[in-house]
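Where a number appears in this text, it was derived from the coordinates with a stated rule and is not lab data. Please read these numbers as outputs of a predicted model, since none were measured by experiment. So basically every Cβ, Gly included, is an ideal-geometry build from the backbone, and we count neighbours across all protein chains shown.
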Amino acid sequence: MYTALLVISVVFVRVTHVPSDSGGFWTEQLKGCLSVFAGFLGALLTSNVAAIIMTKMDKAMSWYTKPLAPVVLYGPTGLLGSSHYCCLPLLGS
């Protein structure tokens, strides 16, 4: 089932791909994969930086006293780090 979905997706993207000056089909796919991976690493990095700052302030566990407090602390940092717009100049887009 997953293999069929992958094949159908690749065929659909290949058929609807509009050539650009920045590279071919597989070059564009590689740029997209690198952007997603960089966003993942950025989200991990910024969330861990927030955790380190909270540990240095001796407030490491204080955010867990309320159910939504971790979302308030780690949600924005994860979104900030996963923003792929910072990676676009690096990829030549």
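Stretched out fully, how many nm does the piece from Leu5 to Ser62 gain, at 0.36 nm a residue minus the Cα gap?
Working it through step by step, the gained length comes to 16.1 nm.
In whole Hz, with x marking every Gly and Pro, tabulate ³J(HN,Hα) for segment 52-59 from phi via Karplus 6.51 cos²θ - 1.76 cosθ + 1.60, θ = phi - 60°.
5, 4, 5, 5, 5, 8, 6, 10
Can you compute 3J(HN,Hα) from phi for each residue in segment 36-49, using the Karplus curve 6.51 cos²θ - 1.76 cosθ + 1.60 with θ = phi - 60°, rounded to whole Hz and x for Gly and Pro?
5, 5, 5, x, 4, 5, x, 5, 5, 5, 5, 5, 5, 5
Which residue, Thr77, Thr16, Phe40, has the largest displacement toward the positive end of the dipole of the chain when charges sit on each Cβ (Lys, Arg +1; Asp, Glu -1)?
Thr77
Could you grab the Rg to Rh ratio for segment 1-63? Cα atoms only, Kirkwood for Rh.
Result for segment 1-63 is an Rg/Rh of 1.30.
To the nearest 20 debye, what is the magnitude of the charge dipole of the chain about its Cα centre, counting +1 on the Cβ of each Lys and Arg and -1 on the Cβ of each Asp and Glu?
240
Can you give the helix-only mean residue ellipticity at 222 nm for the chain, where every DSSP H stretch with n ≥ 4 adds -39500 (n - 2.57) and the sum goes over all residues, rounded to the nearest 500 deg cm²/dmol?
Taken over the chain, the calculation gives -23000 deg cm²/dmol.
Pull up all non-local amide H partners of Ser82: gap of 5 or more, or a different chain, and H-to-H distance under 5 Å with H placed in the peptide plane.
So Ser82 has HN proximity to Ala43.
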